[in-house]
C-alpha cells in the first residue's frame, strides 16, 4: 500500500527532477535515505515510473485543473503525477493511492491543498481513465523533437527505440573470467534459486530474470561478477588485440570497460583509467573489489598535457559523454532534461575529445569510439569530421550479427535484453 511517507518521498524526487532540473539518481539517494529501508523500493518505483511517463500524464493532469498550478506548486504537481502513474501502472487499490496522496500533502507542508488533490484525483477516477490523447508525444511519453530525430535516424526502428525506453531495464551480470566461468556461475545461481540465463549478445553475460540487490548475488563481494549491460560488455570484440598493448580508457568511470579488459587480458602492458578527479573513486572501488590494478588518473581528457607522460598508446578507448538516448529506460530523466540544442553541443564536445586524444596514439594504434546514444549526429558524425581532418585516420569497420552497420561503425539499438550503444574503430596509419 502506498503510504503517505512513500508518496511524499516520491513527489519530492519528481519535483527535484522536473522543476529543478536535478539528476534522478542523485536526488533519489538523498530523499530515500530519509525513509525506512523497507520502503525504498516502493518509493523508487513510483518516482522512476512517474518521471518515465511524465509526457503522458502531465497533459492529462492539466485537464482536471481549473487553473494552472504555479511554479512554486511543483511539489503538488509532482504528487498528483505520482498518483496518476500509480493508478495506471501499479497494482494498488485506487482508494489507497488517493488516500496516501491526500495525506502526503501534509508531509509536503501543503495541508491546505488536500481538498484540491482529493478533487482532482476523484475527477480522474470518474473519467474512467479514458482521457489520454492520441498524439505521439503522449503515446510514447517522449518529447516531440526527440521522436522526430529518432524517426529520421531509424525509419524502420524508431518505434522499437521508444517502446524500449518505456520498459524496465534488464539486470545483466558480467562474469569475471579471471576467477570463474559463465557456466559455473549459472550453476551457482541455480543453487541459490536465482533464475538466470546466458546472454545471447555477450559470452560473459548473465541475464537475471528479476533485478536484485548486488549484496544477494553469490560471489559479488569477492569480485566474481559485475553488473554491466550486455551491449557494454562487447567492447573486447571491437578493441582488437590487447596483449602487450599500452591502453588508455579516456572516460573510464565507473570502470566497467577497463576492468573487463584487464580481466580478459592480463598481459596488457599498462592501462591508464582516466576521468575527472571527482569520479575516479568509483574506478578504484570497482578495481579493488575485482582484485585488479591499473593507473587510475584524475584529469581532463581535453587537456592531455596535464596528465599524459608522453608515451603513445596502442589503444585508446573513448566512451564519450553523450545524450544517453540509448539508455533512457535506465535514466528516464534524460527525456526531461535533454533539449533539441543539446545534441549539437554533445557532438561538438565529442569532436574536441577525438582531436585532443588522436595525437596520443602510436602509428598503427587504434581509437575505439563508444557512445550510449542512438543518434548519428553523435556517432558517425564526429568520426566523419575526424577522418576528414586527419590524413592518417583510417576507419576499420567492425560489425556483429546483432548490431546494425553504419557508415563507420556498429549500432546496437535498445531491445529487451540490452541497451543502445554505438562502437567504431579508427586506426592510425
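The values are calculated or read from the model by the stated rules, or taken from the named source; none is laboratory data. The model shown is predicted, which means the values in this text are computed figures rather than measured ones. Ideal geometry is used to build each Cβ from the backbone, glycine not excepted, and the neighbour counts take in all protein chains shown.
Looking at 30, 38, just one residue is under 22 Å from the mean Cα position of the chain (by Cα) and in the same structural domain as residue 103 (by TED's automatic domain parsing), and that residue is 30.
Residue count for the range 140-156 under the criterion of being assigned to a loop (DSSP other than H, G, I, E, B) and crowded, with 17+ Cβ neighbours inside 10 Å: the result is 4. Among the conditions (1) surrounded by fewer than 21 Cβ atoms within 10 Å (Cβ to Cβ); (2) in the same structural domain as residue 320 (by TED's automatic domain parsing), the only one that residue 186 does not satisfy is (2). Please work out which residue is farthest from residue 261 (Cα to Cα), limiting yourself to the range 276-295 and to residues that are assigned to a loop (DSSP other than H, G, I, E, B) and within 21 Å of the chain's Cα centre (by Cα). Looking at residues that are assigned to a loop (DSSP other than H, G, I, E, B) and within 21 Å of the chain's Cα centre (by Cα), I get 278. Every residue in the range 332-348 that is more than 30 Å from residue 49 (Cβ to Cβ) and surrounded by 15 or more Cβ atoms within 10 Å (Cβ to Cβ), please. Hit for the range 332-348 is 347, nothing else.
Just need a number here: residues in the range 261-275 that are in a loop (DSSP other than H, G, I, E, B) and touching a helix residue (DSSP H, G or I) at 6+ places or on another chain (Cβ under 9 Å).
Kept after step one, since they are in a loop (DSSP other than H, G, I, E, B), are these residues of the range 261-275: 265-269.
Applying the additional criterion that residues be touching a helix residue (DSSP H, G or I) at 6+ places or on another chain (Cβ under 9 Å) yields 265, 268.
Adding up the residues that qualify gives 2.
Highlighted here are the helices (runs of 4 or more DSSP H) found entirely within the range 157-257 that include at least 1 residues which are in contact with a helix residue (DSSP H, G or I) (Cβ under 8 Å, 6 or more places away or on another chain): 158-165, 235-239.
Residues in the range 198-212: is at least one surrounded by fewer than 17 Cβ atoms within 10 Å (Cβ to Cβ) and closer than 17 Å to residue 265 by Cβ? Yes, the range 198-212 contains a residue that is surrounded by fewer than 17 Cβ atoms within 10 Å (Cβ to Cβ) and closer than 17 Å to residue 265 by Cβ. Checking each residue in the range 143-168 for being touching a residue at least 60 places away in the same chain (Cβ under 8 Å) and within 16 Å of the chain's Cα centre (by Cα) picks out 161, 164, 165, 166, 167, 168.
Among the conditions (1) touching a residue at least 24 places away in the same chain (Cβ under 8 Å); (2) surrounded by fewer than 18 Cβ atoms within 10 Å (Cβ to Cβ); (3) not assigned by TED's automatic domain parsing to the domain that holds residue 277, residue 244 misses just one, which is (3).
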